[in-house]
Amino acid sequence: MGEILQYIPGNGLFHRLHPATKILFIIVVSMATILTSSIPLLVAYLLLILLLALSGRLLKPVLQQMLLVGLMSIVLYLVTILTVPRGTVIGYLVPGFVPYIGGSIPVTVEALIVGTVLTLRFAILITAFQLFVISTQPRDLVHTMERARIPADYTLMFIIALRFIPTLQIEGKRIHEAQLARGYHPGEGFIGRIKSVAPVMVPLVSNSIGRATLLGLTIDIRGYRSRTRTRLRERTLGIADRIAIPVMVVMGIAFSYAFFFTHWV
């Protein structure tokens, strides 16, 4: 699986859009996804985002995160099966031949429907946000947040958190590979993976603390507390932005009207 939330250089459709346009895209997609409980509509949203990723030449890195979506879908289905026990029973999570507890934890149609809706919502939100992050340079996102009058401290926290995720993932891979090169082998299968977590987490947390200290010193050295900044380049709205923004605004208004007044979604 590729690095999560890692910027990928390119010249596709999403790379050329202004960060403000992409933020509006995330807002519209999130609103449409959260307010929708129709499975066909959610499937259509997911396919639309994948088509947009294909048009922006970012389909492959977006699809690399489907493993995470698959793992979360299993968790979501288990949660809905445990929390929605009433309805049309189609089976049991614990088979009937198991002594004492056989035939417990019913699996209902309603639970599977709710699990499917939650899984599709999670997949859409993850895919849309991944598409936004991998096509936006952090410096452009910082400039856009500053233009939106977001306090600099909150902008700094958001960017650091965003950049630390792929950094930690890469660091974890290097630590794991270094341990394998030194002959460390905790075993095969699921148990082996569990045993290999602790030897990776300890140096990873230690390195992260040291990196955080270095980052704090770097921020002070570069004059962050002076609150004076100079920009190397400015992003302006292009033709694609001027077309996309009105379209998304109209879509957001139309969807809100359909949800609050017609209830067809």
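The values are calculated or read from the model by the stated rules, or taken from the named source; none is laboratory data. The model shown is predicted, which means the values in this text are computed figures rather than measured ones. So basically every Cβ, Gly included, is an ideal-geometry build from the backbone, and we count neighbours across all protein chains shown.
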Handout entry: Given (1) modelled with pLDDT of 70 or more; (2) under 27 Å from I134 (Cβ atoms), index of the condition P203 fails
Key = (2)
Practice task
Answer with yes or no whether T80 is modelled with pLDDT of 85 or more, more than 16 Å from G115 (Cα to Cα) and over 16 Å from the mean Cα position of the chain (by Cα).
Solution key: no
Exercise for the section: Would you please list the contacts, defined by Cβ atoms under 6 Å and residues six or more apart or on different chains, that run from a residue in the range 105-116 that is surrounded by 15 or more Cβ atoms within 10 Å (Cβ to Cβ) to a residue that is assigned to a helix (DSSP H, G or I)? Expected result: V107/I81; A111/T80; A111/I81; V114/T80; G115/L76; G115/Y77; G115/T80; T116/I39
Handout entry: Pair list, Cβ under 8 Å, 6 or more apart: the range 63-83 residue in the same structural domain as F129 (by TED's automatic domain parsing), other residue among the charged types (D, E, K, R) and outside any helix (DSSP H, G or I)
Key = none
Exercise for the section: With a cut-off of at least 3 residues that are modelled with pLDDT of 80 or more, of a type in the set (F, W, Y) and in contact with an Asp or Glu (Cβ under 8 Å, 6 or more places away or on another chain), name the helices (runs of 4 or more DSSP H) lying wholly within the range 2-75. Expected result: none
Exercise for the section: Taking the options T119, T144, T155, T127, name whichever one is in a helix (DSSP H, G or I), touching a Ser or Thr at 6+ places or on another chain (Cβ under 6 Å), buried (at least 17 other Cβ atoms within 10 Å of the Cβ) and hydroxyl-bearing (S, T, Y). Expected result: T119
